Amino acid sequence: MCAGVLPSLCMPTKITCMNNGPIRIEGEFEILDPAGASFGLAGRTVISLCRCGHSENKPFCDGSHNRVGFSHTVTARELPPPKPKL
């Protein structure tokens, strides 16, 4: 990310869970498949990932959440500490 650019000039990554919709990612990021291959994002710095499970273009959002009436309000909260690994 940000190859050839001073780190202070890189846009930080921001992830927003949208109410009744997708997960929006903005900034410098890379999306990989399970084998580690990178999705070609054609220079995009903003992308939306499907949260409803109905997109025909998974993992990317295609607006299907509107068609199927996906409903989930997101509220930020604190996660509990991770369980110790034994």
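Numbers for the structure displayed
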item: Residue match in region 11-22 (condition: among the aliphatic types (A, V, I, L, M), modelled with pLDDT under 95 and either in contact with a strand residue (DSSP E or B) (Cβ under 7 Å, 6 or more places away or on another chain) or assigned to a loop (DSSP other than H, G, I, E, B) (or both)); result: yes
item: Residue selected from region 42-86 under the condition acidic (Asp, Glu) and exposed (fewer than 10 other Cβ atoms within 10 Å of the Cβ), by the criterion farthest from the chain's Cα centre (by Cα); result: 78
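The values are calculated or read from the model by the stated rules, or taken from the named source; none is laboratory data. All values derive from a computational prediction rather than experimental measurement. Note that each Cβ is placed from the backbone with ideal geometry, even for glycine, and that neighbours are counted across all protein chains shown.
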